[in-house]
Amino acid sequence: MSLPFAIRTQLEKAAVDSGFSIRLPDVEDWMIFRAHAAPAHLALTHTEHGFAVGTDHGSAAEHVKDKATQTISPDGFTAFLAADMKAVFRLGQRIWALAKSLPDEPLHEFEKALKSELGATEVENLRRERVGQEIFRKALLSYWGNACAVTGVTHKSLLRASHVVPWSKCTSDNERLNVHNGILLAAHLDAAFDVGLISFQDDGQIQISHKLEVQDCVAMGIGSGMRLLKVRPELAARLAWHRKEHGFQ
């Protein structure tokens, strides 16, 4: 391994602090780590072009591509350039959070949790939903960076995990727990979204129902300039369902 000792030490600390605490054998000039609580590996190195951060989690890499520049990587990994150690840490944290939240990790966690949540049919159904909603909320917090997808509010007590297609209308647990079927919203936006008083277009622009009075919009701070911070195709398809379900044009 040709990396200087000081850089190796810094990279290892960044990996551990990002949740990738299990050290694996190096691959050429890449240091490889496995996450202790997420289904992903992290590859780190430093070249003449700067630091590079890679992951073998395909879905996480697809999301990171939106904001990072790709570079060469080991087989099975997708890697991105990082300007400095702070950027290495941020990318590592983001990859860990995405690996924990993207399909089908919430479903796997849900199925595992249910093994200890058995009972009569009605009680079991209530437990299933409670356990599932808790896991769904945790996944959305990770996916949306612990902030409302519209306002940026970060106080967790004010945030709600909003289903686009409601729990009761989903045809499978995979759909119920899919982060692309959810939006992290401040409580007042969640309440309005849940009953169809607001929705969002495919580009994230808010739509306000004619049933929501102007004075109520003003009181809640809901305006036509609001929009989702990001909308991927998987979410856009479900938003189309939500608009149709609630009678938006």
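With the full set of protein chains in place, find how many percent of the accessible area of the chain is carbon and sulfur; take the probe as 1.4 Å.
About 52 percent, which is the carbon plus sulfur part of the accessible surface.
How about the stretch 1-69: which trypsin sites (Lys or Arg not before Pro) there lie in a loop by DSSP and see at most 15 other Cβ atoms within 10 Å? Mind dumping the intermediate values first?
Details: sites: ARG8, LYS13, ARG23, ARG34, LYS65, LYS67; in loops: LYS65, LYS67.
Within the stretch 1-69, the qualifying trypsin sites (Lys or Arg not before Pro) (loop, at most 15 other Cβ atoms within 10 Å) are LYS65, LYS67.
Given labels modelled 7 Å from the Cα in the Cβ direction, how far is it in nm from PHE5 to LYS65?
4.1 nm
Within the chain, which whole H helices from DSSP have a Cα span along their axis of at least 20 Å and a mean Kyte-Doolittle hydropathy of -0.5 or more, if any?
On the way: long enough: 85-101 (24 Å, 0.24); 121-143 (32 Å, -0.75).
Long hydrophobic helices here: 85-101.
With all pairs of different alpha carbon atoms counted, what Kirkwood hydrodynamic radius in Å does the stretch 41-89 show?
10.6 Å is the Kirkwood radius here.
Check which residues have an amide H placed less than 5 Å from PHE51's amide H, if you skip close sequence neighbours.
Sorted by chain and number, the residues that satisfy this are ALA82.
Over the chain, consider all pairs of different Cα atoms and compute the Kirkwood hydrodynamic radius from their mean reciprocal separation; express it in Å, one decimal.
It is 19.8 Å.
Kirkwood hydrodynamic radius, the stretch 1-109, all distinct C-alpha pairs: what's the number in Å?
13.5 Å
For the stretch 193-233, what does the equivalent ellipsoid look like in terms of its semi-axes, each the square root of 5 times an eigenvalue of the Cα gyration tensor, given largest first in whole Å?
Over the Cα atoms of the stretch 193-233, the ellipsoid semi-axes are 20, 11, 7 Å.
Full-extension gain between GLU129 and ASP84, please, as 0.36 nm times their residue separation minus the C-alpha to C-alpha distance. Don't skip to the answer; put the middle values down first.
Numbers: separation 45, 0.36 × 45 = 16.20 nm, distance 4.30 nm.
Extra length available between GLU129 and ASP84 comes to 11.9 nm.
7 Å from Cα along Cα→Cβ at both LEU158 and LEU212: what's the point-to-point distance in nm?
Between LEU158 and LEU212, the simple spin-label model gives 1.7 nm.
Using the eigenvalues of the Cα gyration tensor, what equivalent ellipsoid semi-axes result for the stretch 148-249 when each is taken as the square root of five times the eigenvalue, whole Å, largest first? Before the final figure, lay out each step's value.
Numbers: eigenvalues 85, 50, 32 Å².
Here the semi-axes work out to 21, 16, 13 Å.
The values are calculated or read from the model by the stated rules, or taken from the named source; none is laboratory data. Computed from a prediction, not measured in an experiment: that's the story for all the values here. All Cβ positions, glycine included, derive from the backbone under ideal geometry; neighbour counts span all protein chains shown. Keep in mind that these areas ignore ligands, DNA and RNA; they rest on the heavy atoms of the full protein, side chains included. Shrake-Rupley method; radii C 1.70, N 1.55, O 1.52, S 1.80 Å.
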